[in-house]
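The structure under discussion appears below in the form of structure tokens.
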Amino acid sequence: MDVTFELFQDEEAAAQLDAFLAAYEEVYAEPPYSEGPRDVAEFIDRYQVQAQRPGMRLVLARSGDDGIVGFAFGFLLPADTGWWQGLQEPLPADFTREDGTRTYAIIELAVRKPWRRQGIATRLHARLLEGLSVERVTLTMRPEPEAAPAQCVYASWGYRKIGVSHPWDEAPFYDAMLLELPRTPG
């Protein structure tokens, strides 16, 4: 079945939460996440805030009667970001310096189980980053062995681990990943 990919930006992205929330609940109910109603409520609150960030983008993958089969979203890291503060071993100041245009952070990229291993995640990722003029992309993810398939996919896209992040007290530990983008002449 054909899959279509729709890109939403800024206010349009904020208005799409209801469109992909059921897919979010389905994906994150699975291990290693095992999220329940409280986690979903916290996600909804976070998304409302994240959707207001500069550079917010959301890509939805749809397939006919199956509706949303995957989604990805992120935003530009602002100059005053706390993104790098959760790292267990601090990185040099020049590395963590942000100006609002240097780094794009992917917050979520997920595909429903029946649709995995069909290239949908790769297409979501490509569409999310398409046309961005940033130096690099960052994300955090569960470590191996919890997220071994995702670890393999991100490595194949060129991401490398730059540290371990523990962004808030109740959060699990995540691998902090970075993808350097090729510089375009100009």
Under 13 Å by backbone N from the virtual spin label 7 Å along Cα-to-Cβ at D2, the residues of the stretch 58-101 are 62-65
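Multiply the residue gap between Q88 and E130 by 0.36 nm, knock off their C-alpha separation, and tell me the result in nm, one decimal place. Each step should come with its number before you reach the end.
On the way: separation 42, 0.36 × 42 = 15.12 nm, distance 3.12 nm.
Between Q88 and E130, full extension yields 12.0 nm more.
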Toy charge model, Lys and Arg Cβ at +1, Asp and Glu Cβ at -1: the stretch 19-150 dipole around Cα centroid in debye, rounded to 20, equals 440 debye
Computed from every Cα-Cα pair in the stretch 118-186, P(r) in 5 Å bins starting at 0 and rounded to whole percents is 3, 15, 23, 23, 17, 12, 4, 2, 0
Scalar couplings 3J(HN,Hα) for the stretch 27-34 by Karplus 6.51 cos²θ - 1.76 cosθ + 1.60 (θ = phi - 60°), nearest whole Hz, x for Gly and Pro, are 5, 8, 7, 6, x, x, 7, 6
Computed on Cα atoms only, the convex hull of the chain has an orientation-averaged projected area in nm² of 11.0 nm²
Counting only residues 5 or more apart in sequence or on a different chain, those whose built amide H sits under 5 Å from that of G100 are A79
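Rounded to the nearest 0.05, what FRET efficiency do D66 and D39 give with R0 = 25 Å and r taken as the Cβ-Cβ distance? Could you check?
Numbers: r = 24 Å, r/R0 = 0.95.
That pair, D66 with D39, gives E of 0.55.
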Note: probe point = Cα of K113 + 7 Å toward Cβ; backbone nitrogen < 18 Å; residues of the stretch 26-55 passing the test are 26-37
Simple SL model, points at 7 angstrom along Cα→Cβ for T101 and A15; separation in nm is 2.8 nm
Note: S156 to A29 extended length (0.36 nm per residue) minus current alpha-carbon separation gives 43.1 nm
Between A22 and A171, the two model label points (7 Å from Cα along the beta-carbon direction) sit apart by a distance in nm of 3.1 nm
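Quick note: the coordinates plus some simple rules give every number you see, no bench work behind them. Since this is a predicted model, take the numbers as computed values, not measurements. Here Cβ is always computed from backbone atoms with ideal geometry, including for glycine, and neighbour counts include all displayed protein chains.
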